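The values are calculated or read from the model by the stated rules, or taken from the named source; none is laboratory data. As the structure is a prediction and not an experimental result, all values here were calculated from the model. Quick reminder, even Gly has a Cβ in these numbers, built from the backbone with ideal geometry, and neighbours come from all protein chains shown.
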Amino acid sequence: MKSRFTYLIVIGVFFLFSFFFQDEIKNFFYNLSLPFQKSLSDLKFFSEDTFKIIFQRKEIIKENERLEKKVERLLTEIQKLKDLEKENETLRKALGLKKKKDFNFFLSQFVSKSIDSPDEILIKGGEREGIKEGWPVITPEGVLIGKTNKIFKNFSQVKLISEKNFSFGVEGLNKEGVIGIIKGKGNLKIHLEKVPSQAKLEKGDVLVTIYLGREFPEGLLVGKIAKIEKSDLEHFQSAEVTPFFKKDKLENLLIITEW
């Protein structure tokens, strides 16, 4: 009984103390929890800023990826326009050449060098396009490259004029118009032969095809004389010839289909 009474007195004192001194109690607990509240507040702001940074970083990465794809598309379009411009230029040259020469052609492109021979290349256009063996291949400027050799479904192998035993008639564009035979020597080298010893050859003379045996159309550019070789014991003279075509610079080509 006495202990219950004492307990009630303590409870009453506590409530009276709380009533009259509640501000001081609150202040005490506020002071006590202030460091924790500040830490929690800082943690809250830190978390919010961190999530903002992470979100912004993801957005920046996405934007960069979008811009990179856009740049790639633009570069692809630019390359397509350049290729189209080249093709149009090739067609303009070819049509201009067609006006001068009487032949029809198929527009082709260089694909690759041959692994079998330095005097062979692979170009676009084959059985599907109706390409046949033995058709002349030239540049849009009218420079003779060679003729189709093996025909595949979509591609054709071209034997260059420098291949060994390749031969055809040519004439010089000098005043005398000397006539001779071009022979392939291999490794992109060609030679002028069977020129009469009395004919006047000069270094730098330009050689073009003649309509001999209908092998090639007349007037295609072949090369120019680099070095003249004469012999007092022979009735003919010969010369080293530099081809006009550059194998490493071949791009668009024409396959002559009718001449």
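Criterion first (in the same structural domain as E240 (by TED's automatic domain parsing), of a type in the set (A, V, I, L, M, F, W, C), in contact (Cβ under 8 Å) with a residue 40 or more places away in the chain and within 19 Å of S114 (Cα to Cα)) does I145 satisfy it? Lay out the reasoning, then the answer.
Working: in the same structural domain as E240 (by TED's automatic domain parsing): yes; of a type in the set (A, V, I, L, M, F, W, C): yes; in contact (Cβ under 8 Å) with a residue 40 or more places away in the chain: yes; within 19 Å of S114 (Cα to Cα): yes.
Yes; evaluated as a whole, the condition is true for this residue.
Residue by residue through the range 175-185, note down the ones that are surrounded by fewer than 20 Cβ atoms within 10 Å (Cβ to Cβ) and modelled with pLDDT under 90. If you could, list the steps in order and put the result at the bottom.
Residues of the range 175-185 surrounded by fewer than 20 Cβ atoms within 10 Å (Cβ to Cβ): 175-177, 179, 181, 185.
The answer is K175, E176, G177.
Give me the pairs: first residue in the range 231-259 and closer than 25 Å to G186 by Cβ, second residue at pLDDT 90 or above and among the basic types (K, R), beta-carbon distance under 6 Å, and six or more apart or on different chains, which are they?
F236/K194; E240/K227; T242/K224
Within the range 232-241, is even one residue modelled with pLDDT of 90 or more and within 30 Å of V111 (Cβ to Cβ)?
Yes, there is a match, as at least one residue in the range 232-241 is modelled with pLDDT of 90 or more and within 30 Å of V111 (Cβ to Cβ).
Can we say L188 is within 26 Å of S112 (Cβ to Cβ), surrounded by 21 or more Cβ atoms within 10 Å (Cβ to Cβ), touching a residue at least 24 places away in the same chain (Cβ under 8 Å) and among the hydrophobic types (A, V, I, L, M, F, W, C)?
Numbers: within 26 Å of S112 (Cβ to Cβ): yes; surrounded by 21 or more Cβ atoms within 10 Å (Cβ to Cβ): no; touching a residue at least 24 places away in the same chain (Cβ under 8 Å): yes; among the hydrophobic types (A, V, I, L, M, F, W, C): yes.
Considered against the rule, which asks whether it is within 26 Å of S112 (Cβ to Cβ), surrounded by 21 or more Cβ atoms within 10 Å (Cβ to Cβ), touching a residue at least 24 places away in the same chain (Cβ under 8 Å) and among the hydrophobic types (A, V, I, L, M, F, W, C), L188 comes out as no.
Has the range 240-256 got at least one residue that is more than 25 Å from S112 (Cα to Cα), in the same structural domain as I151 (by TED's automatic domain parsing) and in a strand (DSSP E or B)?
Yes, there is a match, as at least one residue in the range 240-256 is more than 25 Å from S112 (Cα to Cα), in the same structural domain as I151 (by TED's automatic domain parsing) and in a strand (DSSP E or B).
Against the condition farther than 30 Å from I131 by Cα and assigned to a loop (DSSP other than H, G, I, E, B), how does K194 come out, does it pass?
On the way: farther than 30 Å from I131 by Cα: yes; assigned to a loop (DSSP other than H, G, I, E, B): no.
Considered against the rule, which asks whether it is farther than 30 Å from I131 by Cα and assigned to a loop (DSSP other than H, G, I, E, B), K194 comes out as no.
Determine if the range 119-141 includes at least one residue that is closer than 19 Å to Y211 by Cα, hydrophobic (A, V, I, L, M, F, W, C) and part of a strand (DSSP E or B).
Yes, because at least one residue in the range 119-141 is closer than 19 Å to Y211 by Cα, hydrophobic (A, V, I, L, M, F, W, C) and part of a strand (DSSP E or B).
When you look at L160, is it without any contact (Cβ under 8 Å) to a residue 40 or more places away in the chain, surrounded by 16 or more Cβ atoms within 10 Å (Cβ to Cβ) and among the aliphatic types (A, V, I, L, M), yes or no? Full working, then the answer.
On the way: without any contact (Cβ under 8 Å) to a residue 40 or more places away in the chain: no; surrounded by 16 or more Cβ atoms within 10 Å (Cβ to Cβ): yes; among the aliphatic types (A, V, I, L, M): yes.
It is false that L160 is without any contact (Cβ under 8 Å) to a residue 40 or more places away in the chain, surrounded by 16 or more Cβ atoms within 10 Å (Cβ to Cβ) and among the aliphatic types (A, V, I, L, M).
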